[in-house]
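Some notes on the structure that comes next.
No lab work stands behind these numbers, since they all come straight from the coordinates. Fair warning: this is a prediction, and the values are worked out from it, not measured in the lab. Cβ coordinates were reconstructed from backbone atoms using ideal geometry, including for glycine residues, and neighbour counts include every protein chain displayed.
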Amino acid sequence: MSLCQRCNKAPATVHLLDILPDSDEKRERHLCEQCAGEEGLTTQKHESINEILSSFIKQASGMPQKPDLACPECGMTFREFRANGLLGCPNDYNAFEKALAPLIERAHDGGTHHVGKAPRGEGGETPKFSKLAQLRRELQDAVDAEDYERAADLRDTIKSLESEQG
């Protein structure tokens, strides 16, 4: 590890590549965090993925407080999950389903079901099948919620897509 080019004391942890505007000349600089701060450069603290996920889980908006929930298989409580951000076993998804749903929806832009991936380079039918599967789930949710107007619209959309498939 090299030393800071400015103070020649601390290890260089900030590495800069300056490209001068009027030429193609490039200038590399290697500074310690303190010298970088004195030059007005800010650095971000690196967090582990577990710290990031734990923070995300704790700050998830709309996530209900369910400290009394526990998995019947592994015994993990919802409070333990919130504290460390890791589930104990696959059954935890079912045990904490209602509490996890808002978090999963937020993390996946509203999606809660895995729809697979289409092979590269092929237009294929996979996107249409996944769209139909999503619409069928939405239809079932609408019927369960007794939102019959939405259910009728979804039914018509599904029929239209199915008739296009032939």
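Taking θ = phi - 60°, what integer Hz values does the Karplus form 6.51 cos²θ - 1.76 cosθ + 1.60 yield along the range 134-139, in sequence order, with x for Gly and Pro?
Coupling constants for the range 134-139: 5, 5, 5, 5, 5, 4 Hz.
For each of Asp156, Asp92, count neighbouring Cβ atoms within 10 Å of the residue's Cβ, then give the residues from fewest to most.
Asp156, Asp92
With Rg and the Kirkwood Rh both taken from Cα atoms, where does Rg over Rh land for the range 126-165?
My calculation of the ratio gives 1.00.
Can you give the net charge of the other residues whose Cβ lies under 12 Å from the Cβ of Leu41, counting K and R as +1 and D and E as -1?
Taking every Cβ under 12 Å from that of Leu41, the sum is -2.
When the scattering of the range 1-46 is computed by the Debye formula from its Cα atoms alone, each counted once and equally, what is log10 I(q)/I(0) at q = 0.13, 0.14, 0.21, 0.31 Å⁻¹?
Once normalised to I(0) and log-transformed, intensities are -0.31, -0.36, -0.70, -1.08.
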